[in-house]
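Since the structure comes first, as C-alpha cells, the remarks are kept for the end.
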Amino acid sequence: MKSAARAAAALPRPYSRLFSRSDKKRRVVLVPNLSRSFSTMASAVFRSLGYRSVPLPLADQQAQHLGKRFVHNDACFPAQINIGECLRFLSTGAAAPGEVALALAKNCEDCRAGQYFALARKALDDAGYPEVAILTTGADRKHIHPGFSSGLRYQLRMLWGMAVTDALDAMVRATRPYELTPGCADLAYEEHLDKISRALEHGAKKACAALGDAVRAFNDVPADRSRKRPRVLVTGEILMNYHETANRQLVRYLEKNGMEVLLPDIVTFFRRQVIVDKDMARRGLARRPVTKRMVAEALDGAYRHVVGKVELIYKHFRFYEPRPAVSELAASVAGFVDTAIMAGEGWLIPAEIMHYARKGVTSFVIIQPFGCLPNQITGRGIIKPLKERFPHINILALDYDYDVSMANLENRLQMLVMAAKQFT
Ligand code: SF4
C-alpha cells in the first residue's frame with residue numbers, strides 16, 4: 001500500500017500549468033464557441049471583470065481536424081470542436097502559448113461536459129502547447145485555476161449577457177426568413193452583437209440599452225410576414241444546437257428550404273438547474289435540503305429579475321413572442337420524464353417539444369453528437385412516447401460527428417421539409 005502511494009507521489013502533476021492570480025493581467029483568456037453570440041458575450045464578461053479575453057473563431061475544417069486528432073476519437077464531438085478551435089488558433093501563431101489560457105465550460109457533473117478540461121489538457125500537451133493554462137466555469141476541484149473563480153459576480157454578469165444575447169438571436173431568426181433585402185437581418189445582427197458585447201463590458205444597464213437599440217434596428221429591417229412559413233424547432237445537445245459549423249449550418253439550410261427555425265434559449269439550459277435543485281430539496285433527494293432550497297430560491301429570484309427586465313425590452317420587437325418559462329417546461333414533463341434526470345439536456349428536450357407541439361409546431365429536429373448517451377436517452381429515446389401523445393408531429397433525430405456532412409443529412413431533412421409544407 002505504502003509503495004503504491006510512493007509510486008503515485010513520484011508521478012508528475014497532471015496539471016502542472018496553473019492559471020495563477022498574476023495570469024489575470026498576463027494571459028489572454030480564449031473563449032471557444034457555444035454559439036458566436038455566446039462566446040462574444042462571454043469574452044466581454046471576462047473583460048468586464050478585468051481579464052484580457054478574446055472569442056475564438058468558429059471551428060473551420062482544420063480546427064475540427066485538429067480536435068479529432070488530439071482529442072480521443074470516442075470523446076464527445078463538442079469537446080473536439082471547442083478544443084480544436086483553440087488548437088487551430090495556436091497553430092496560426094496568433095499568440096504565444098505561454099500568454100494564453102483556454103476557458104472551458106464545466107456544467108454537467110454526470111456526463112463528459114464536466115471533464116472537458118482534462119481532455120483539453122491532454123490535447124494541448126500532446127499538440128506541443130504545455131504552456132497554455134486552462135480555466136473552467138465550474139468548481140475547481142483539481143486546483144488548476146487559482147486565479148479565476150466563477151463566483152457570484154461572474155455568474156450574474158453571464159446571466160445578463162445570456163438573457164440579452166438570447167433575445168438578439170431570437171430576433172435574427174424571426175426576421176431573416178422574411179426580410180425583403182437579403183442580408184439585412186445578418187447585418188443588423190453583426191452590428192448589434194458588437195455593440196451589445198462592448199456595452200456589457202460597462203455593465204448590465206448599458207447592455208440593456210444596447211438591446212433596446214438592437215430591437216429598434218430589427219424593427220426597421222424591411223420584412224414581410226404576411227405569408228408565414230412552416231416552423232421547425234431544433235433542439236438537442238446544447239453545443240450542437242447553436243454552433244453553426246458543428247451542426248453544418250442547419251438553421252440556414254432549413255431557412256433556405258422555406259422554414260422558420262425556432263431554438264430554445266440558452267438561459268433556459270442553465271436556469272433548469274435551479275428549478276431541479278428546488279424540486280430535489282422539496283422531495284428530500286438532496287443533501288442539506290434546507291440550505292439547498294434557500295440557495296436555489298435566491299438564484300431563481302436573480303433569474304426571474306434578469307429575464308423579466310430583458311423581456312420588457314425585447315417585448316418591443318415587432319415579431320415578439322413570449323418564450324416558455326422553465327417552471328412551465330418542467331411542469332409539462334410531469335409523468336413523462338423525471339426532472340431529476342439532468343445529464344446532458346435531460347428533460348428539456350421532451351419539454352420543449354411538447355411545449356411547441358401544443359402551440360401548433362409540427363416539425364422537430366433533435367440533434368446530438370454521435371455516441372452522446374444522455375441525449376440518446378432523452379432525445380432519440382423519447383420519440384416513440386412523444387409520437388403517441390402527438391401523433392401529427394414529425395421528429396427527426398440527427399447524429400453528428402467529424403465525418404458528417406450536409407450531404408449525409410440532406411435526404412432526411414428534405415422529407416421533414418416536404419411534410420411540413422404539406423401541412424401549411
Ligand atoms: S451531453 Fe453528450 S456530448 Fe455533451 S458532454 Fe455530455 S455526453 Fe458529451
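What is the dipole size for the chain, taken about its Cα centre, with +1 at each Lys and Arg Cβ and -1 at each Asp and Glu Cβ, in debye to the nearest 20?
It works out to roughly 1140 debye.
Once you have the Cα-Cα distance between Ala8 and Lys228, take 0.36 nm times their residue separation minus that, and quote the gain in nm to one decimal.
The Ala8-Lys228 span can extend by a further 72.8 nm.
Name the residues whose placed amide hydrogens come within less than 5 Å of the amide hydrogen of Arg52, ignoring near sequence neighbours (fewer than 5 apart) on the same chain.
Amide H neighbours of Arg52: Val29.
Using alpha carbons only, how many degrees (0 to 90, rounded to 10) separate the axis of helix 36-48 from the longest principal axis of the chain?
So the inclination is approximately 50 degrees.
Positive end of the charge dipole of the chain (Lys, Arg +1 and Asp, Glu -1 on Cβ, about the Cα centre): tell me which of Ile382, Phe336, Ile81 has its Cα farthest that way.
My answer, from the dipole projection, is Phe336.
With every atom except the alpha carbons ignored, what do you get for Rg and Dmax of the stretch 11-150, in angstroms?
Cα radius of gyration and Dmax of the stretch 11-150 are 13.6, 41 Å respectively.
Based on Cβ point charges of +1 for Lys and Arg and -1 for Asp and Glu, what charge dipole magnitude is obtained for the stretch 120-240 about its Cα centre, in debye rounded to the nearest 20?
500 debye
With each label point set 7 Å from Cα along the Cα-Cβ vector, what nm distance links Glu190 and Glu297?
If labels sit at Glu190 and Glu297, their model points lie 4.9 nm apart.
Using the Kirkwood formula on the Cα atoms of the stretch 8-52, what hydrodynamic radius do you get, in angstrom to one decimal?
Averaging 1/r across every pair of different Cα atoms and inverting gives 12.5 Å.
Looking at the stretch 285-364, I'd like the Rg to Rh ratio, where Rg is from alpha-carbon atoms and Rh is Kirkwood's inverse mean 1/r.
Ratio value, two decimals: 1.03.
Say R0 is 51 Å: what FRET efficiency, to the nearest 0.05, do Lys359 and Glu131 get from their beta-carbon distance?
Given R0 = 51 Å and the Cβ-Cβ separation, E is 0.50.
With charges only on Cβ, +1 for K and R and -1 for D and E, what is the dipole size of the stretch 11-150 about its Cα centre, in debye, rounded to 20?
Computed charge dipole of the stretch 11-150: roughly 400 debye.
May I ask you to give the average projected area over all directions of the convex hull of the Cα atoms of the chain, in nm² rounded to one decimal?
For the Cα atoms of the chain, the hull's average projected area reads 21.8 nm².
Along the charge dipole of the chain, pointing to its positive end and built from +1/-1 on Cβ of Lys, Arg, Asp and Glu, which listed residue (Ile395, Leu254, Gly128) has its Cα farthest out?
Gly128
I need the calculated FRET efficiency for the pair Arg288 and Gln115, taking r as the beta carbon distance and R₀ as 30 Å, to the nearest 0.05.
0.70
Could you compute the FRET efficiency for Asn411 and Asp213, with r as their C-beta to C-beta distance and R0 at 56 Å, rounded to 0.05?
Given R0 = 56 Å and the Cβ-Cβ separation, E is 0.85.
Under the 0.36 nm per residue contour assumption, what length would be gained going from the current alpha-carbon distance of Lys315 and Gln273 to full extension?
12.5 nm
Can you give me the relative contact order of the stretch 11-150 as a percent, contacts being Cα pairs under 8 Å and 6 or more apart?
Relative contact order for the stretch 11-150 comes out at 29 percent.
Provide the per-residue ³J(HN,Hα) series for the stretch 285-302, in order, calculated from phi with Karplus coefficients 6.51, -1.76, 1.60 and θ = phi - 60°, each as a whole number of Hz, with x at glycine and proline positions.
Using θ = phi - 60°, the values come out as 9, 10, 6, 6, x, 5, 5, 4, 5, 5, 4, 5, 4, 5, 5, 5, x, 5 Hz.
How far apart, in nm, are two points set 7 Å out from the Cα along the Cα-to-Cβ line at His72 and at Arg153?
It works out to 3.8 nm between the two label points.
Quote the Stokes-Einstein diffusion coefficient, in whole µm² s⁻¹, for the stretch 126-274, based on the Kirkwood radius over alpha carbon pairs, a temperature of 20 °C and a viscosity of 1.002 mPa s.
121 µm²/s
Using only helices, what value at 222 nm comes out for the chain when you add -39,500 (n - 2.57) per DSSP H run of length 4 or more and divide by the total residues, to the nearest 500 deg cm²/dmol?
One gets -16500 deg cm²/dmol as the mean residue ellipticity at 222 nm.
Once the Cα atoms of helix 348-358 and of the chain are each reduced to a long axis, what angle between those two axes, in degrees from 0 to 90 to the nearest 10, is obtained?
Roughly 10 degrees between the two axes.
Need one word for the stretch 327-421: rounded, prolate or oblate. Basis is the Cα gyration tensor (sqrt eigenvalues a ≥ b ≥ c); a/c below 1.5 gives rounded, then a/b vs b/c decides.
It comes out oblate by the Cα gyration axes.
The numbers here are math on the coordinates, done by the rules we state, and not lab data. Computed from a predicted structure; not experimentally measured. Virtual Cβ from ideal backbone geometry, glycine too; neighbours counted across all protein chains shown.
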